[in-house]
Amino acid sequence: MTRIFFVSFFLLLSTLNLHAEEGMWIPLLLEQKNQTDMQSMGLKLTAADIYNVNQSSLKDAIVLFGGGCTGEVVSDQGLILTNHHCGFGQIQARSTIEHDYLTDGFWAMNQSEELPNPGLTVSFLVSMSDVTSEVLQGVTPQMSMNERYKKIRSNTSVIKRKATEGNHYEAQIRPFYYGNEYYLMIYEIFTDIRLVGTPPSNIGKFGGDTDNWIWPRHTGDFSIFRIYAGTDNKPAPYSKDNIPFKPRRHLSISLKGIQPGDFTFVYGFPGRTEEYLPAQGVDLAVNIVNPIRIALREIRLGIINSYSEKNDTIRLRYAAKHAGIANGWKKWIGESRGIKRIKGVEIKKEFETRFANWTGVDEVEQSPYAGLLAAFDEAYTPYKHWKATETWLNESVLSVEAIRFARSFAPLVDLCASKDSSDQSIKTLAQKYTRSTDGFYKNYEVQIDREILAAMLEMYIVKAAGEAEQPTVFTNLIKKYKGNLKIAADDLFRKSVFTSKNRLSGLLGNFHRKDVKKIENDPLYQLAFQLTDYNKQIVNPHIVEFDRKFDSLMPLYMKAQMEMQPGKKFFPDANSTLRISYGKVNGYVPEDGASYNYYTTLNGIMEKENPEVYDYVVEPKLKSLYNSKDYGRYADASGEMHTCFIATNHTTGGNSGSPVMNGEGQLLGLNFDRCWEGTMSDLMYDPDKCRNISLDIRYCLFIIDKFAGAGHLVKEMTIIE
Ligand code: ARG
Ligand code: GLU
């Protein structure tokens, strides 16, 4: 009896734990859904300390940084921390030949040296509220999808208008649980955001794409900005008279470090997850879409690498492009492997068997959900082929830079074709293109792109045959060039105006309406145009048809999953709204026979050092600090400098830069990545393998203070020793 009790007690405990760490929770519902759980794991605060609209709470220190990252306020003068890779675009844009901040780092020694960033915004969530009944008012089950969308759209715009009447806020309404619930989010958006500091790339991007998604990790992935406001402390466009923003709240920073098993939570803006898909959806993602993307990106990366390895200028020019292509490529490999490892598709199928029993398979035995799975099957079966075609097209020939660039000229072609357009408006637009032309060629190597086109044509026409539809443009190319796609690519590139800056600038410099012929008849513009058209006419209708079916089935399936498992706590898929994930500091077993510790140290940077390999060059100053062990108060009790750590918080893209906090809500680190073996967590979370990777805040402060000599910034912060 006692034994049975114990066994089932532990079973219960372990399943509870299993669910405790999965999830990205809604701050508004924390008290109701998570407070007890979080406190039992080590949270010392209440839900109201974390999210409260009536008085200041931790929420007031969290920002959406730009469109897709998170940041946190760390001083009463509007100082914010985010990742280096989140500030990368701004750092690059502020860099010049004389001041290469990307390579050398940048530190404003006083506020007058801080650098403005046109276009960059930082948004605070003022409040969120459940507006489900208002959004669905007047929506009936009898309505068609179109009528339903229309009604929801009109309700939404009324609610948003009311919410922003007489204030300077912006409103957003987002569906949660696939439209079973709707929430209204009110944001205050600041537009004068200045760059305050960034480490050199050797620190901020240490390990580069080689270490990306990988643990053990040693990247000092942070940058510092400051929010400026008008003299009334409200958002204002850039002005030198603006003053540092006084936040309602800033985070205090803990130097106490972490122990395995410590409670942590992450507060930020995760972008997108798909945790509730039917087995078919997971199968499509990991067995069809990912393999296509992976294979095609591998080829593009291989070609870029073959040039970069031989030529440093090319490597620099292609660094950002390479990072972008490689980031997805590597993540998808990890994701597909992870789902295979846990037999994710089989787990979902097994669930569906139980689901079918629960709803009653027999159509006559009416549950409102009977027939759902069959309807999904019916929708997915033709869709798989069209999704494969779309992926093949977008990731192959339509990824060629010159083709994408050529396609961007469509508005100019349209303007010239329009009888109402004046000659002057054509000239003005052509001038705009002159500017984007400069931007395009700044980091462009024609021989790389030409080789990629040849390889992509080969892949699509030869390798994708059978798996993807073949557009007639391709059949014609084969005929014209007698199957030699390398000659085809060479010829298209030689004849096109888009592959030469001189030719294109010449054309745009003195552009008249009749010159549009030169664009329209350009072989790369033609190819771009025909492929886009093919996508639009032939492929897209199938995609839209599926989306429509999916949008009508998924809300029901979501609701059914919740009803079927009343004891399970559900979180809504990520949708770029503010969420909380919580978990524990913990290492993991990446594969049989291996085990990973939960933290890394500066020693690892020295072990990885290789002056010959760009990703592993170590700054001389960092080396000398290491040699003299001059870590100040930022070292741990045994004198080690910790660099990064991992924990079981469920995160995704968009969580970059998010604060990782301890039970008291003090900052321990900055989330910046996930472990490769766990990137499947966007589809299914595995508590054994899913870990978020964070920069240890002590390493961040050490770099600011000891490495950069910008201790005045640390003085601004609230440090708990
Ligand atoms: N993997 C991280 C993310 O998804 C970091 C990407 C930037 N770093 C890089 N080496 N490419 O955004
Ligand atoms: N690096 C990602 C980002 O930029 C976070 C890593 C993840 O996908 O979890 O948001």
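The values are calculated or read from the model by the stated rules, or taken from the named source; none is laboratory data. Since this is a predicted model, take the numbers as computed values, not measurements. We place every Cβ from the backbone using ideal geometry, glycine too, and count neighbours over all the protein chains shown. Please note that ligands, DNA and RNA were not included when accessible areas were found on the heavy atoms of the full protein model with its side chains. Shrake-Rupley method; radii C 1.70, N 1.55, O 1.52, S 1.80 Å.
Data table
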read-out	value
R0 of 60 Å, Cβ-Cβ distance Q137-N627: FRET efficiency to nearest 0.05	0.30
Note, ³J(HN,Hα) from phi for region 318-324, Karplus 6.51, -1.76, 1.60, rounded to Hz, x at Gly and Pro	9, 4, 5, 5, 4, 4, x
Value of relative contact order over region 206-354, rounded to a whole percent, pairs C-alpha under 8 Å and six or more apart	23 percent
Under 25 Å from K442, Cα to Cα: lysines that are on another chain or at least 8 residues apart	K205, K310, K321, K427, K432, K495, K501, K518
Debye intensity ratio in log₁₀ form over the Cα atoms of region 260-318, taken at each q of 0.22 Å⁻¹	-0.86
Rounded accessible area of I304 (nearest 10 Å², 1.4 Å probe)	0 Å²
Förster radius 45 Å - calculated FRET efficiency between N484 and S127, Cβ distance, rounded to 0.05	0.10
Segment I538-N603, extension gain: residue separation times 0.36 nm, minus the distance between their alpha carbons	17.8 nm
Accessible surface ranking that places the most exposed of R300, R407, R494, R579 first, with a 1.4 angstrom probe	R494, R407, R300, R579
Separation of alpha-carbon centers, region 70-125 and region 592-664, rounded to whole Å	22 Å
Area of S56 that stays accessible when all protein chains are in place (1.4 Å probe, Å², to 10)	50 Å²
5 angstrom amide H check on R174, placed H, neighbours 5+ away	Y183, M185
Cα pair count fraction exceeding 19 Å, expressed as % - region 664-721	47 percent
Between region 275-297 and region 226-241, the alpha-carbon center distance in angstrom	45 Å
Ordering of 592-598, 326-332, 431-437 by packing [mean C-beta count within 10 Å, highest first]	326-332, 431-437, 592-598
Antiparallel content of DSSP bridges confined to region 128-190, in %, to 5	100 percent
Solvent-accessible area, 1.4 Å probe, carbon plus sulfur percent, for the chain	53 percent
At 1.002 mPa s and 20 °C, Stokes D of the chain from Kirkwood alpha-carbon radius, µm² per second	77 µm²/s
Amide H contacts of H650 (H built 1.01 Å from N, under 5 Å, at least 5 apart or other chain)	G23, Y582
Extension gain from H168 to Q424, taking 0.36 nm per residue of separation minus the Cα-Cα distance	88.4 nm
Relative contact order of the chain, pairs being alpha-carbon contacts under 8 Å that are 6 or more residues apart, as %	23 percent
Once the Cα gyration tensor of region 548-601 is diagonalised, semi-axes √(5λ) in Å	35, 15, 14
Virtual spin-label span in nm between E98 and R435, 7 Å along Cα→Cβ	2.3 nm
Over region 347-484, relative contact order from alpha-carbon pairs under 8 Å, at least 6 apart, %	27 percent
As computed over region 337-476, the Cα convex hull volume per residue (Å³)	236 Å³
Helical contribution to [θ] at 222 nm, DSSP H n ≥ 4, -39,500 (n - 2.57), averaged over the chain, rounded to 500	-13500 deg cm²/dmol
Karplus 3J(HN,Hα) series, Hz, for region 86-103 with 6.51 cos²θ - 1.76 cosθ + 1.60 (x for Gly, Pro)	7, x, 3, x, 5, 4, 4, 5, 7, 7, 10, 4, 6, 10, 8, 5, 4, 7
Residues whose placed amide H lies under 5 Å from that of V126, excluding near-sequence neighbours	I186, Y187, E188
Added length on full extension, which subtracts the Cα-Cα distance from 0.36 nm per residue, Q111 to A320	72.3 nm
J(HN,Hα) series, region 462-467, from Karplus relation 6.51 cos²θ - 1.76 cosθ + 1.60, nearest Hz, glycine and proline x	8, 7, 8, 3, x, 8
Relative packing of 348-356, 632-640, which averages over residues the other C-beta atoms within 10 Å, highest first	348-356, 632-640
Heavy-atom surface of region 156-280, accessible at 1.4 Å and reported per residue (Å²)	36 Å²
Sequence ranges 286-294, 200-208, ranked by mean other-Cβ count within 10 angstrom, highest first	200-208, 286-294
